[in-house]
Structures are given as structure tokens and as C-alpha cells.
Amino acid sequence: MSDYRQRLREFSAHALGLCEVSAELFAIELQEAIETGVSGLFWLGVIAVFGGLACLLLSVLLLIIFWETHRIMVASSLCAAYLAVAVFAFWQVRQKLRAGRCLFACSLAELRAAIAMLNASGGRADG
């Protein structure tokens, strides 16, 4: 009976150690995902503000330059160009979201390996 308890204690210690490693890996991946997301949102905001201002000022400049001769053609061309850029950006975001990697792929792989190891260890202990 003592041998059985000793085996159970060792098995429990190993299982808890694997859980601790998996939890640490999960926490590290979560922190990396948060940092990447916040950084990406910040730079996306900067791009949106300054890109929008640049497009607005460029549009005003072109309309002022061509006001007497081709104002409708310039305004239409600018609208078509902005629409094309918006469609392209939407397509890019859609592709990124579809091809995005699993958020906790390393943690899941580590957990699967730990489960397989525990199952293999449990099979040997029974035999």
C-alpha cells in the first residue's frame, strides 16, 4: 500500500509540475498577445489620423488647383481612388483575420504533449 501511495504522490507532483509549466506558458503567450495588440492599435490610430489628414489636405489642394477647369473630374477621381484604397484595405484585413494563427497554439501543443505523457505514464503504472 505504501508503494501505491508513493507512486500516487510522484504522479501528482509530476502532474502539478506540468500544470505549472503550462500555466506559465499560457501567461507568457497572453502577455505577448496583449502587447502586440495594444501596439498594433496604437500605430493603426496614428496611421488613420495622419493618413486621413494627408488625404484631406491633398484633396483640398487638388480641388483648389483644378477648380476652374476640371473640378468635377478631380473630385470624382479622388472619390474613386479613396474607394479603391478602402476596398483593398478591407480585403487585407479580411485575409489577415482568416489566416490568423491560433492565439495560444504553443500552450495547446504543450498541454497535448503533457496529456500524452501522462497517459503514457499512467499506462505504465497500471501494467
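At-a-glance table
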| quantity | calculated |
| --- | --- |
| Some residue of segment 7-15 being surrounded by fewer than 12 Cβ atoms within 10 Å (Cβ to Cβ), among the small types (Gly, Ala, Ser) and either at pLDDT 90 or above or touching a strand residue (DSSP E or B) at 6+ places or on another chain (Cβ under 8 Å) (or both) | no |
| Criterion (of a type in the set (Gly, Ala, Ser) and within 30 Å of ALA27 (Cβ to Cβ)) met by exactly one of SER59, SER107 | SER107 |
| Flag if ALA23 is out of contact with any Pro (no Cβ under 9 Å at 6 or more places or on another chain), within 28 Å of SER107 (Cα to Cα), surrounded by 10 or more Cβ atoms within 10 Å (Cβ to Cβ) and of a type in the set (A, V, I, L, M) | yes |
| Tally of residues being at pLDDT below 85 and of a type outside the set (A, V, I, L, M, F, W, C) across segment 25-35 | 1 |
| Selection within segment 53-108 - assigned to a loop (DSSP other than H, G, I, E, B), exposed (fewer than 12 other Cβ atoms within 10 Å of the Cβ) and aromatic (Phe, Trp, Tyr) | TRP67 |
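The values are calculated or read from the model by the stated rules, or taken from the named source; none is laboratory data. Treat the numbers as computed from the prediction; the structure is a model and nothing was measured. Methodologically, a virtual Cβ is constructed for each residue, glycine included, from the backbone with ideal geometry; neighbour enumeration extends over all protein chains shown.
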